[in-house]
Each structure stands twice: as C-alpha cells, then as structure tokens.
Amino acid sequence: MAAPEALVSALADPERLHLFARICAAPEGLPVDGGTTKLAKRLLDAGLVTVDGERYRAVPAAFREALAKAPADPLDALFRRGRLVTIPHSGKRRQLLLAHLAERFEPGRLYTEQDVREKLSMVHDDHATLRRYLVDEGLLQRSNDGGAYGRPSEARAAG
C-alpha cells in the first residue's frame, strides 16, 4: 500500500501519466512491450499497475487504499516492500532510521562484519554506508581491528 505522495510522484512525469491513462483506457489491459517497460516500472512499484500475463492492468483501488491508510510512520516513506529505497542525508528521519536499523542487532552480542553485512543487505544494497552511519552515530561499535561489531547496551548508548 503506497502513500498518497508516492502515487502522485509516480504520475508526475507526463510520459508515465500518459502511459497510465492508456492502461486505464484499455478494458482488456494494455499489451506489455519493450518501449513501455522503463516507464511502467515506476507505476508498478507504486502499486498503480500490475502485470497480468502479457498485459498491464490499472489498480484503481490503489488510490482508495492510499487515502484510507492510517497516518504514516515517518519511516514508511523510506521503505518499499520491506526494502529501504532512500537514505536521508541528515535530520530526525535519518536518526529514526538508524535507530530502527540498530534494533536488528542484539545489545551485548558480537557480530562479524559478514553478520552485519547480511543483516543490512536485507534492507538495502549499500550495506557499507549503513554500517558506517551506524558506527558514526554510536549505534554500533567496531572493534579496533575492525573484525567485530556490537550494539552498545542501552545504558552505554545513552551516555
């Protein structure tokens, strides 16, 4: 279920809007062809369109569902289908995101670099950047030799 902003963003490009209109106007769905694949990807990601066999079909319920959605968690807009799609450069949302990611690590337990990579790769391909941000913010601590990582206990993290 996409946020209203994601739907508007997907339709903001005139070519995508035109493609969406063509899909909506085709009662049997619009045939998938190589020329529309790139434009359609954004519509598919937003949930405005599905692929049924070899045809694109509109999903009008996406608008109703987006409007019926409860007030969004500030992190919701950063994720799509469980994957992080954007990393805020700074500010409160970045702090919330990093705190959310740090919860994947049990306080007091040591993790290898491979363990950290696997956990962060589950949400974003740039696991190295996420790991660096977590260390920079003190949400993960790295051993002097760089071979082990751990999440500080709550008492140490607050101090």
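So Ala102 fits all but one of (1) among the small types (Gly, Ala, Ser); (2) surrounded by 11 or more Cβ atoms within 10 Å (Cβ to Cβ); (3) within 28 Å of Ser9 (Cβ to Cβ); what number is the exception?
(3)
Name the single residue that is farthest from His127 (Cα to Cα) among those in region 66-77 being exposed (fewer than 14 other Cβ atoms within 10 Å of the Cβ) and of a type in the set (D, E, K, R).
Lys69
Restricting attention to region 42-58, does a residue exist that is within 30 Å of Glu137 (Cβ to Cβ) and out of contact with any His (no Cβ under 9 Å at 6 or more places or on another chain)?
yes
Find the residue count for region 1-51, including only residues that are modelled with pLDDT under 90 and among the charged types (D, E, K, R).
Of the residues in that region, 6 qualify.
Which of the residues spanning region 78-106 are closer than 13 Å to His124 by Cα and among the charged types (D, E, K, R)?
Arg80, Arg81, Arg83
Only one residue in Ser153, Ser143, Ser121 is exposed (fewer than 15 other Cβ atoms within 10 Å of the Cβ) and in contact with a His (Cβ under 7 Å, 6 or more places away or on another chain). Which one?
Unique residue meeting the criteria: Ser121.
Please work out which residue is surrounded by the fewest Cβ atoms within 10 Å (Cβ to Cβ), limiting yourself to region 31-55 and to residues that are more than 28 Å from Ser121 (Cα to Cα) and touching a Lys or Arg at 6+ places or on another chain (Cβ under 9 Å).
Once the filter is applied, the top-ranked residue is Pro31.
At least 3 residues that are more than 19 Å from Ala2 (Cβ to Cβ) and of a type outside the set (A, V, I, L, M) in each: list the helices (runs of 4 or more DSSP H) lying fully within region 53-159 that qualify.
Per the criteria, 92-102, 113-121, 127-136.
Just checking, does region 47-54 include any residue being touching a Phe, Trp or Tyr at 6+ places or on another chain (Cβ under 8 Å) and either closer than 12 Å to Ala10 by Cβ or touching a residue at least 60 places away in the same chain (Cβ under 8 Å) (or both)?
yes
Testing Gln95 on (1) among the polar types (S, T, N, Q); (2) exposed (fewer than 11 other Cβ atoms within 10 Å of the Cβ); (3) more than 30 Å from Lys41 (Cβ to Cβ); (4) within 21 Å of the chain's Cα centre (by Cα), one condition comes back false. Which one is that?
Exception for Gln95: condition (2).
On the basis of being β-branched (Val, Ile, Thr), surrounded by 14 or more Cβ atoms within 10 Å (Cβ to Cβ) and free of Cβ contacts under 8 Å to residues at least 40 places away in the same chain, does Val135 make the cut?
When the stated conditions are applied, Val135 passes them.
Check off (1) of a type outside the set (Lys, Arg); (2) farther than 28 Å from Ala77 by Cα; (3) at pLDDT below 95 for Tyr111 and give me the number that stays unchecked.
(3)
The values are calculated or read from the model by the stated rules, or taken from the named source; none is laboratory data. The shown structure was predicted, so the numbers you read here are calculated from the model rather than taken from an experiment. Reconstructed Cβ throughout: ideal geometry from the backbone, glycine too, with neighbour counts over all protein chains shown.
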